[in-house]
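Enquirer: Can you keep this structure in mind? I'll have questions shortly.
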Amino acid sequence: MLSAMSAPVIIELAVNGATTRAVNPHVPRSPAEIAEEMLAGIERGASIVHNHNDEPMFTEDGVHAVEPYLQAWQPVLDRHPRALLYPTMAAGARGIDVRTRWGHVEELARRGLGGLTLVDPGSVNVGLTSSATVPDAAAAGPYQNSYADLEYMFRRTGELGAAPSISVFEPGFLRTTLTLHRTGRVPPGAVVKLYFGGVLEFGLPPTEAGLAAYLELLEPSGLPWSVAVLGGDVIESGLAELAVRRGGHIRVGLEDYAGPAVPTNRELLDGAVALVERLGRTPASIDQARDLLGLP
């Protein structure tokens, strides 16, 4: 069995997020464009792909539609039936029942599509930038997920035979996840995504000390993990190299990137692949990623 230091590295591609074409003209927004970027990403070394659709993150009712995901994902799954894909969910749906705002995630899992769900195990203020500006939609209150919401998302993920992609924006998110994991309430196949703040002022900065703080908590659990910089550059910051050297995985893409360049998803992914290969490792294929996560 391969050790964590010699195993293939899972590279996730987050193709768009809330990034607009005014910020980067290369960002895919329509389902057809998203499908094309996903397919190109898998061909270049991504084994997990994540996308948003053109619904706003901060919504009045918390509803995100299933249909645009089906349109974007089906061409990918036709070519790569075991591809690992997962959606987002509404951030501004404060006070909206989890069954409503997580309904599209549940429906995709019910149909057996993508293999992963999204679980955000906590509440957080997010949107403040380094220039001390906050979007109006984010200023009214936190992104909110109660303990009851988390229990529901984890339980339904397991019942539907999917695995959770767990977002960690703050250290408390990780402590909550690890507590539920120790008590058997996190389903098999989970992967922990450690999100560091770049120009978005949340959580821990993308430094060696920040990563070490998370890993002190995380490593005894044995859960696989990856790193990303939201509003930054996970490769240029050095965080990706630190993570690979510690046995972790990497997320790149136009959802996360902020910097002086106007890259494409393919350029960001090629940079991640080059880093992995320079460190004597290989990007994980879809089947290898499934094996590393313990997925069927």
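The values are calculated or read from the model by the stated rules, or taken from the named source; none is laboratory data. Bear in mind the structure is a predicted one, so any value in this text is a computation, not a measurement. As a convention, Cβ positions derive from the backbone with ideal geometry for all residues, glycine included, and neighbour counts pool all protein chains shown. Quick note on the areas: whole protein, heavy atoms, side chains included, nothing else; ligands and nucleic acids left out. Shrake-Rupley method; radii C 1.70, N 1.55, O 1.52, S 1.80 Å.
Enquirer: According to a simple spin-label model (label point 7 Å from Cα along Cα-to-Cβ), what is the distance in nm between Glu277 and Glu159?
Expert: Computed distance between label sites Glu159 and Glu277 equals 4.6 nm.
Enquirer: Related question: Could you give each residue of the stretch 270-275 its phi-based ³J(HN,Hα) in whole Hz, using Karplus coefficients 6.51, -1.76, 1.60 with θ = phi - 60°, and x for Gly or Pro?
Expert: With coefficients 6.51, -1.76 and 1.60, one gets 4, x, 5, 4, 4, 4 Hz.
Enquirer: Sum -39500 (n - 2.57) across every DSSP H segment of at least 4 residues in the chain, then divide by the residue count to get the 222 nm mean residue ellipticity, nearest 500. Let's see the in-between values first.
Expert: Values: 11 runs with 108 residues, N = 296.
Per the formula, -10500 deg cm²/dmol.
Enquirer: Moving on. Rounding to the nearest 20 debye, state how big the charge dipole of the stretch 171-247 is about its Cα centre with +1 on each Lys and Arg Cβ and -1 on each Asp and Glu Cβ. Show your work: numbers first, answer last.
Expert: Details: 6 positive and 7 negative charges, 93 e Å.
Approximately 440 debye in magnitude.
Enquirer: Still on this structure: For the stretch 19-24, just list the computed ³J(HN,Hα) in residue order, Karplus coefficients 6.51, -1.76 and 1.60, θ = phi - 60°, integers in Hz, with x standing in for Gly and Pro.
Expert: Whole-Hz 3J(HN,Hα) from phi for the stretch 19-24: 5, 9, 5, 5, 7, 8.
Enquirer: Which cross-chain or sequence-distant (5 or more) residues have an amide H under 5 Å from the amide H of Thr117, H modelled 1.01 Å from N in plane?
Expert: Distant-sequence amide H within range of Thr117: Ala163, Ser165.
Enquirer: Enumerate the amide H contacts of Asp233 below 5 Å, restricted to partners 5 or more residues apart or on another chain; note that Pro and chain-start residues carry no placed amide H.
Expert: For Asp233, whose amide H was placed from the backbone, the distant partners under 5 Å are Ala258.
Enquirer: Oh, and also: Relative to the present Cα-Cα distance, how much length would full extension add between Gln74 and Ala22 at 0.36 nm per residue of separation? Write out the running numbers ahead of the final one.
Expert: Details: separation 52, 0.36 × 52 = 18.72 nm, distance 2.79 nm.
Net length gain for the segment: 15.9 nm.
Enquirer: State in Å² the accessible area per residue of the stretch 191-272; use a 1.4 Å probe, count heavy atoms of protein chains only, and round to the nearest integer. Display every interim value, and only then the final one.
Expert: Values: 3010 Å² over 82 residues.
Value for the stretch 191-272: 37 Å² per residue.
Enquirer: So if we plug the beta-carbon distance of Thr179 and Asp136 into 1/(1 + (r/R0)^6) with R0 = 35 Å, what FRET efficiency do we get, rounded to 0.05? Let's see the in-between values first.
Expert: Details: r = 35 Å, r/R0 = 1.00.
The value I calculate is 0.50.
Enquirer: So what is the relative contact order for the stretch 241-296, in percent, with contacts set as C-alpha pairs under 8 Å and at least six apart?
Expert: Details: 23 pairs, mean separation 15.0, N = 56.
Relative contact order, the stretch 241-296: 27 percent.
Enquirer: Hey, another quick one. Would you mind calculating the gained length between Thr129 and Ser285 on full extension (0.36 nm times residue separation, minus the Cα-Cα distance), in nm to one decimal? All intermediate terms of the calculation are to be shown ahead of the outcome.
Expert: On the way: separation 156, 0.36 × 156 = 56.16 nm, distance 3.54 nm.
That pair, Thr129 and Ser285, stretches by 52.6 nm at full extension.
Enquirer: Now, a different point. I'd like the distance between the alpha-carbon centres of the stretch 25-97 and the stretch 172-236, rounded to an integer number of Å.
Expert: With the stretch 25-97 and the stretch 172-236 each reduced to a Cα centre, they are spaced 22 Å.
Enquirer: Further question: What does the charge add up to near Ala212, with Lys and Arg as +1, Asp and Glu as -1, over the other residues with Cβ less than 13 Å from its Cβ? Numbers along the way, then the final one.
Expert: Values: positive: Arg245, Arg246; negative: Glu208, Glu216, Glu219.
Net of charged neighbours comes to -1.
Enquirer: Hey, another quick one. Output the relative contact order of the stretch 111-209, whole-number percent, from Cα pairs under 8 angstrom with separation of 6+ residues.
Expert: The value is 33 percent.
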